[in-house]
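Quick notes on the structure that follows.
The values are calculated or read from the model by the stated rules, or taken from the named source; none is laboratory data. Here the structure is a predicted model, which is why all the values come from computation and not from measurement. Note that each Cβ is placed from the backbone with ideal geometry, even for glycine, and that neighbours are counted across all protein chains shown. With ligands, DNA and RNA removed, areas are computed over all heavy atoms of the protein, side chains included. Shrake-Rupley method; radii C 1.70, N 1.55, O 1.52, S 1.80 Å.
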Amino acid sequence: MDDEKDKALIVFDYIYHAMRAKHVLEEAGFDVREVAPPVDYRTGCDLALEVDTDEVDAAEDLLIEKDVLILDILFMPKSEKLTPIYLTKLIKVSDYGDFVMVRCGNMKVTFEKATGKIVNLSGGGCPDIPYLGMNLYGTILGEGPRPREIGKTICAYTCEHAYEKALEIFNGLKGKKGGK
Amino acid sequence: MLVLVGTIPIDGMPLVYGQCEYNGDTLKIGDTLLEGKYVTLGTAAMICAACQTSKAVNAPMPYACVVGDTGMGEGNRKLFNYLIEHVTEIKPTVMTLHYILPTRDLFAKLLDEVDKIDPRPFMIADAGALLNAKALGVSKRFDLFTPDPGELSFLADKEAAHPAYVQHFIFDVDQTEVPKLSKQAYDDGNSPKYMIVKAPVDHVIVDGKVVAVINDPNVPSLEPIGGTGDTITGESSALIAAGFEPEDALEKASKINRVAGEMANPIPSTTISQFIPHIFEAAKKVIG
């Protein structure tokens, strides 16, 4: 059986727009897959979004409406192998007693269990990472700015996944506390 | 002369090149004074560590070339254009590239200019510069990388253009993975002669082989503290610029960071600004 569809790939100039695009499309119910762009479009810090070909026009219209800048849309045969992003496999949680450190790939977010306060953020290599650290330090998970809102690189996007996991753990801890 | 290069997360901060001076609460680069939280963020943390280490070994204070950039790349472009124009006049003996935005043409042009300097500077890359060098296939034009285990996984995966795309990712250092991945990265041309893999157990690598393992003193709470990898890069840079052999410098830098960590007695919420002031005493203790 060969029911795999051809692929439409949305590529961006800046990862900032890719991050926004994923959020906008998922909120609207599109099935979106994160992949590395083809080699000719690659700078080393980038992310493309794969959608079904029959949904790509609607996705493009929505992104234009939301002011998300698209560099190009590429149509690829179903046989084309694109490297998926492995971020969900790259998460590791370390317990430090009163604190939890969540690692996703090369990014780490550490928070205080009792309050959800972010006490440290590290990793990455692009200029927006120290900027993220400065803006997220001391904020409460779920209440302050998120990496995807401030960050502009794939390291920031990786940090967003660590943040999401940290938030999930903190919400779980709050739930346990409330249930006692 | 040691020249440290990178971005500072201040929108619109003009480019500055000059000698550095760290005074605990402030970091002066040329005529620019950084204060408060900006003293120890990203590239600034590396610079402070290099200042502290240089002072401990009675070496001249390092120079730095920095610019404001929060990720959009405007400052990054100015930084590269300035260095492309001036690096042959500056003639660094050691140059460390740190928090930068990956760029193709400007990065390659800078390396071409560096090649014109005789003797060629000892070139170090960490953070964005390390990612960029590997993604562009120019790792062998550097002498030292200072990766963490995640970045080492990236160097060892010849297909990956960024750590987010690595297929075999390691979080922790162990005696099997580090030698294997270091050799793989070196054999594929994706790592330079020297590396220090920064982790709870540090590994010094020469020509793809582990030559030293440093795990004492062991300070587990250092790992969550953002910037403790940046400080090892600063300490290594300073020691190499001061004339220490690279292999010896890397072992000593690892020790300095660990001893400073012990002195800071950290918990996971300790900040890098509370850690850096201990580097001078730690360097004195390690170097003797």
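May I ask you to give the average projected area over all directions of the convex hull of the Cα atoms of the range B:205-253, in nm² rounded to one decimal?
That works out to 3.9 nm².
I'd like the mean, over residues of B:102-109, of how many other protein chain beta carbons sit within 10 Å of each residue's own Cβ.
Per residue, the average neighbour count from other chains is 2.
Determine the residues within the range B:198-230 where the difference in accessible area between the chain on its own and the full set of protein chains amounts to at least 40 Å²; count protein heavy atoms only and use a 1.4 Å probe.
Relative to the lone chain, where solvent access is computed with a 1.4 Å probe, the range B:198-230 loses at least 40 Å² at B:223, B:224, B:226.
Apply the Debye scattering formula to chain A, with a single equal point scatterer on each alpha-carbon and no solvent, then give log10 I(q)/I(0) at q = 0.13, 0.15, 0.16 Å⁻¹.
The Debye formula, applied to the Cα set alone, gives -0.71, -0.88, -0.97.
Using a probe of 1.4 angstrom, how much of the accessible area of chain B is carbon and sulfur, in percent?
Percent of accessible area from carbon and sulfur atoms in chain B: 47.
Quote the relative contact order of chain B in percent (integer), defining contacts as alpha-carbon pairs under 8 Å separated by 6+ residues. Walk me through the numbers on the way to the answer.
Working: 610 pairs, mean separation 53.8, N = 288.
Reported as a whole number, the value is 19 percent.
Which Rg and Dmax, in Å, describe the Cα atoms of chain B?
Expressed in Å, the Cα Rg and Dmax of chain B come to 17.3, 48.
Considering only protein heavy atoms and a 1.4 Å probe, what is the carbon-and-sulfur percentage of the accessible area of chain A? Let's see the in-between values first.
Working: 3880 of 8160 Å².
Ligands and nucleic acids excluded, carbon and sulfur give 48 percent.
Membrane-span-like helices in chain A: DSSP H runs reaching 20 Å or more (Cα, own axis), mean Kyte hydropathy at least 0.0?
none
Mind ordering A:108-119, A:164-175 by average Cβ neighbours within 10 Å, highest first? Write out the running numbers ahead of the final one.
On the way: A:108-119: 21.3, A:164-175: 16.6.
Sorting A:108-119, A:164-175 by mean packing, highest first, produces A:108-119, A:164-175.
Give the interface area between chains A and B as buried accessible surface, both sides summed, probe 1.4 Å, in Å² to the nearest 100.
3600 Å²
How much accessible area per residue does the range B:2-287 have, in Å², with a 1.4 Å probe?
Accessible area per residue: 35 Å².
What is the packing order of peptides B:225-237, B:242-254, B:120-132, taking the mean over residues of other C-beta atoms within 10 Å and listing the highest first?
Ranked by mean Cβ neighbours within 10 Å, highest first: B:225-237, B:120-132, B:242-254.
What Rg and what Dmax come out for the protein assembly as shown when only alpha-carbon atoms are used, in angstroms?
Looking at the protein assembly as shown, its Cα Rg and Dmax stand at 21.6, 73 Å.
Please calculate how many Å² of accessible area chain A carries per residue, with a 1.4 Å probe and no DNA, RNA or ligand atoms counted.
That works out to 45 Å² per residue.
Cross-link partners among lysines for residue A:177, C-alpha distance below 29 Å, same-chain residues fewer than 8 apart left out?
Output for residue A:177: A:89, A:92, A:108, A:113, A:117, A:165.
For the range A:7-76, what is the relative contact order in percent, using Cα pairs closer than 8 Å and at least 6 residues apart in sequence?
After rounding, I find 52 percent.
Take peptide B:148-158, look around each residue's Cβ out to 10 angstrom, count Cβ atoms belonging to other protein chains, and average those counts.
What the average comes to for B:148-158 is 2.
Counting only C-alpha contacts under 8 Å and six or more residues apart, can you give the relative contact order of the range A:48-177 as a whole percent? The partial results should precede the final answer.
Values: 162 pairs, mean separation 23.8, N = 130.
So the answer I get is 18 percent.
Which ³J(HN,Hα) values, rounded to whole Hz and listed in residue order, are derived for the range B:198-211 from phi using the Karplus coefficients 6.51, -1.76 and 1.60 in 6.51 cos²θ - 1.76 cosθ + 1.60 with θ = phi - 60°, glycine and proline given as x?
Whole-Hz 3J(HN,Hα) from phi for the range B:198-211: 8, 6, x, 10, 8, 10, 9, 10, 10, 6, x, 10, 6, 10.
How long are the semi-axes of the equivalent ellipsoid of the range A:87-179, taking √(5λ) for every eigenvalue λ of the Cα gyration tensor, in whole Å from largest down?
Largest first, the range A:87-179 gives 21, 14, 11 Å.
Which value, in nm² and rounded to one decimal, describes the direction-averaged projected area of the C-alpha convex hull of the range B:135-288? Working shown, then result.
Values: hull surface 34.7 nm².
Dividing the Cα hull surface by four gives the mean projection, 8.7 nm².
Which lysines have a Cα less than 25 Å from the Cα of residue B:252, not counting those fewer than 8 places away in the same chain?
B:55, B:140, B:180, B:183, B:193, B:198, B:209, B:284, B:285
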